[in-house]
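Structure first, then comments.
Every number in this text was worked out from the coordinates using simple rules, so none of it is lab data. The structure presented is a predicted model; accordingly, all values stated were derived computationally and were not measured. Here the Cβ positions follow ideal geometry from the backbone for every residue, glycine too, while neighbour counts run over all protein chains shown.
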Amino acid sequence: MSGNSFGTLYCVTSFGESHGPAYGGVVDGCPPGMALSAADLQKELDRRKPGSSRHVTQRRETDTVEILSGIHDGKTTGTAIGFLIRNEDQRSKDYSAIAEKFRPGHADYTYWQKYGIRDPRGGGRASARETVIRVAAGAIAKKWLRERYGVIVRGYLAQIGSEIIAFKNWNSVNENPFFCPDPAAVARLEQFMDALRESGDSVGARVNVVAEKVPVGWGEPVYGRLDADIAGAMMSINAVKGVEIVAGFASIVQKGSEHGDEMAPQGFLSNNNGGVLGGISTGQDVTVSIALKPTSSIRLPRRTIDAQGKATTVQTTGRHDPCVGIRATPIAEGMLACVLMDHALRHRAQCGDVTPPTKLG
C-alpha cells in the first residue's frame, strides 16, 4: 500500500490501524538543535483526542505519545524522529455485524475493490484515528516555525451543520469543546449537538485555519505551488470534501477591481488571495478553509450491498463522532504547519541568500 508519506524535505510517514495495537509515525527532515520533548507533542494530541466531551466519540484513548528516536539530551539530532501512540480502547466486536457490508459514504467499498481485502474494525487504515500522526508531526512543525520565524498557526470551527459561527476572538477557541471563537455561541452548539446525537444522524462542518507572520517567498512556481500543496494536504484529511483559499468560490462573482489585492508602501490593502500569489507566499496571513462531510457511520438504517453484491441495509453501532469537524481544528492546523515547514526548508535550500531590494511593509 502506497500513499503513507507526504512532504519533500519535511517528510511525514504514518502506519497503523484504528483497532491495531498502535499508530506510529516517522518525521524526517527536522533540523537539529531544537529542544523537543514528548510534552510538546502531547499538548496538541490532547486537543484532538476522543472522549473529551459528550459531543464526540466516547472511545477512551489517552493518546500518550512515546518518542523512539531523533532526540538526544532533549534536542533534535537531525535524524528521523520516530514516535508511537498505542491504541487502548478498541472494541472490535462493535463492527462484527457490518464486516460483510459496505457503509454508504465510507471507504469500505473502495478499499475492498482496490485490495480485495479490508479491515472492517473502525475502518482500519481509513479511520480518522490516523490523524493522531498528523497532529504529532504538526506539533513539531508548529514549534520549529514559531521559534525560527515567529509563525503562528491556529484555527477554529466556523460552521457546524446550519449553525454559522461568528469569529469574535482567539481567546475562547481552546476554552470549549468545539474550538468555537464565540463564547456566546457555545450553549447553542451544545443544544444543536444534543438533538443531533439523539436523532442518530450526523452533520458536516467548516474549519478555518490561519498562519500568521509567514515570510514572503515560500512556495515554488507552477508544480510546487504553496497553495496547491496546502490544498492537497487538507484534502488528505479524512472527510474533507472542499478547500477554499480565502475568497475561494466567492471570487467567481467578484470583479477584478474587488479581488486583486492592491498594494501600498505599508503593505497589501486586502487579502483575497490568502497570502499566496503565483504559488509563493506574499508575507500576509495564509488562510484556508475546509469543508468536512457528515460522519458516514450513523445509527440510521441505510441501503447498501454486502460482499456478495446482494441488496441489504446497514446500521452502524459503536462510538462515532456525530460531527467529525468538532475535532478537526488541531488536525487542520497540523497539516498546514507541516506544509509550511516543508516549504520553509525548501526555500532555505535554494533561495535562502536572496535579498531583493523591495519589500512591502
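Annotation: amide H of residue 219 within the under-5 Å range of 281, 347, sequence separation 5 or more or interchain, hydrogens built in the peptide plane. Within the listed set 71, 230, 133, the Gaussian network model of the chain (springs between alpha-carbon atoms below 10 Å) gives the highest mean-square fluctuation for 71.
Among the trypsin sites (Lys or Arg not before Pro) in region 270-343, those placed in a DSSP loop whose Cβ has at most 13 other Cβ atoms within 10 Å are 310. Mean-square fluctuations from a GNM of the chain, with a 10 angstrom spring cutoff on Cα atoms, peak among 173, 65, 253 at 253.
Note on residue 46 and residue 310: the model spin-label points, each 7 Å out from Cα along the C-beta direction, lie 5.1 nm apart.
For the pair residue 259 and residue 68 in one chain, pulling the backbone fully straight at 0.36 nm per residue adds 63.9 nm over the alpha carbon distance.
The phi-based Karplus calculation (6.51 cos²θ - 1.76 cosθ + 1.60; θ = phi - 60°) puts the 3J(HN,Hα) values of region 180-193 at 8, x, 10, x, 5, 8, 4, 4, 5, 5, 5, 5, 4, 6 Hz, whole numbers, x for Gly and Pro. Close amide H pairs (under 5 Å, H built 1.01 Å from N) link residue 36 with 75, 76, residues at least 5 positions away or on another chain. So what's the angle, to the nearest 10 degrees on a 0 to 90 scale, between helix 131-149 and the longest Cα principal axis of the chain? The helix 131-149 is inclined about 10 degrees to the chain.
For residue 182, the residues 5 or more places off, or on other chains, whose built amide H falls under 5 Å of its own are 168.
All Cα-Cα distances of the chain, cut into 10 Å bins from zero to the largest, leave 5, 23, 31, 25, 12, 3, 0 percent in each bin in turn. Taking 0.36 nm per residue of separation and subtracting the Cα-Cα distance, what length does fully extending residue 147 through residue 358 add? My answer for the length gained is 73.4 nm. When only Cα pairs below 8 angstrom with a gap of at least 6 residues are kept, the chain shows a relative contact order of 21 percent. Put in order of Cβ neighbour count within 10 Å, fewest first, the listed residues 257, 14 become 257, 14.
Rounded to the nearest whole Hz, the Karplus-based 3J(HN,Hα) values (6.51 cos²θ - 1.76 cosθ + 1.60, θ = phi - 60°) of region 335-347 follow the sequence 5, 5, 4, 4, 5, 5, 5, 4, 6, 4, 5, 5, 5, with x at glycine and proline.
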